[in-house]
Amino acid sequence: MASIASLTLDVADPTAARRFYTEAFGLDTRLRLRASEAPSSGFRGFTLSLTVSQPATVDHFVGAALAAGATSLKPAVKSLWGYGGVVQAPDGAIWKIATSAKKDTGPATPQIDGMVLLLGVADVTASKRFYVEHGLAVAKSFGRMYVEFETGPGPVKLGLYRRRALAKDAGVSPDGTGSHRLTIGGDAGAFTDPDGFAWEAAASPAVTA
């Protein structure tokens, strides 16, 4: 079963970005950052989500991100599925912090339960077929709307969502051009998917900054 071993964000200033991710989310050992001035405007076609245990922890991370320089795209609110909010990092990456719990069971803790990469794609069915052919196993599939793949040994879950729906969920316009400013490292090998997301070979499941 193929899995994701690393995520690399292209940023203008790796030092500033590393400081942000450490202060906001404590992700100094979960992301790779690479200096790049690749042209990119508008929605980059993906979001990153942090799943946590309870609403108080969502508020903790949203507050820490805003204090570190993030912009609020959607304030944290209750919904049918739980509680969550969306912020945009200074480098432009969009982050959702969410929990399926609707009530707190204790004080907030800086504990992240999981990370999810959602790719906004033009055709969920075609992209699902592409990824299955490259060794990823489907965990959940909801027609032409959403696909979630098995996690495997890697630290990041992968899902596919229709681009417009993903942008709406993030609170931004779906319009965007240029580089995704994202490289996915995994044991499926090096390739570029139908929507232009680049993968590189990465055998180890460990993610380092």
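The values are calculated or read from the model by the stated rules, or taken from the named source; none is laboratory data. As the structure is a prediction and not an experimental result, all values here were calculated from the model. Quick reminder, even Gly has a Cβ in these numbers, built from the backbone with ideal geometry, and neighbours come from all protein chains shown.
Before we move on, is residue 67 small (Gly, Ala, Ser), out of contact with any Lys or Arg (no Cβ under 7 Å at 6 or more places or on another chain), surrounded by 15 or more Cβ atoms within 10 Å (Cβ to Cβ) and within 15 Å of residue 24 (Cβ to Cβ)? Considered against the rule, which asks whether it is small (Gly, Ala, Ser), out of contact with any Lys or Arg (no Cβ under 7 Å at 6 or more places or on another chain), surrounded by 15 or more Cβ atoms within 10 Å (Cβ to Cβ) and within 15 Å of residue 24 (Cβ to Cβ), residue 67 comes out as no. Each residue in segment 71-95 was checked for being under 23 Å from residue 41 (Cβ atoms) and buried (at least 23 other Cβ atoms within 10 Å of the Cβ), and 5 of them qualify. Of the residues making up segment 123-163, those that are outside any loop (DSSP other than H, G, I, E, B), without any contact (Cβ under 8 Å) to a residue 40 or more places away in the chain and surrounded by fewer than 18 Cβ atoms within 10 Å (Cβ to Cβ) are 125, 129, 132, 133, 138, 139, 140, 141, 142, 146, 148. Taken together, the residues in segment 76-97 that are within 12 Å of the chain's Cα centre (by Cα) and part of a strand (DSSP E or B) amount to 7. Within segment 98-122, the set of residues being among the hydroxyl-bearing types (Ser, Thr, Tyr) and part of a loop (DSSP other than H, G, I, E, B) comprises 100, 105, 109. Residue 66 fulfils the conditions (1) modelled with pLDDT of 95 or more; (2) within 24 Å of residue 161 (Cα to Cα) except for a single criterion, (2). The selection criterion, being surrounded by 14 or more Cβ atoms within 10 Å (Cβ to Cβ), touching a residue at least 40 places away in the same chain (Cβ under 8 Å) and of a type in the set (Ser, Thr, Tyr), holds for residue 183. Anything in segment 99-128 that is of a type in the set (A, V, I, L, M) and under 12 Å from the mean Cα position of the chain (by Cα)? List them, or say none. Within segment 99-128, 115, 116, 117, 118, 119 meet the criteria. Taken over segment 140-176, the criterion of being of a type in the set (S, T, N, Q) and closer than 26 Å to residue 186 by Cα is satisfied by 141, 151.
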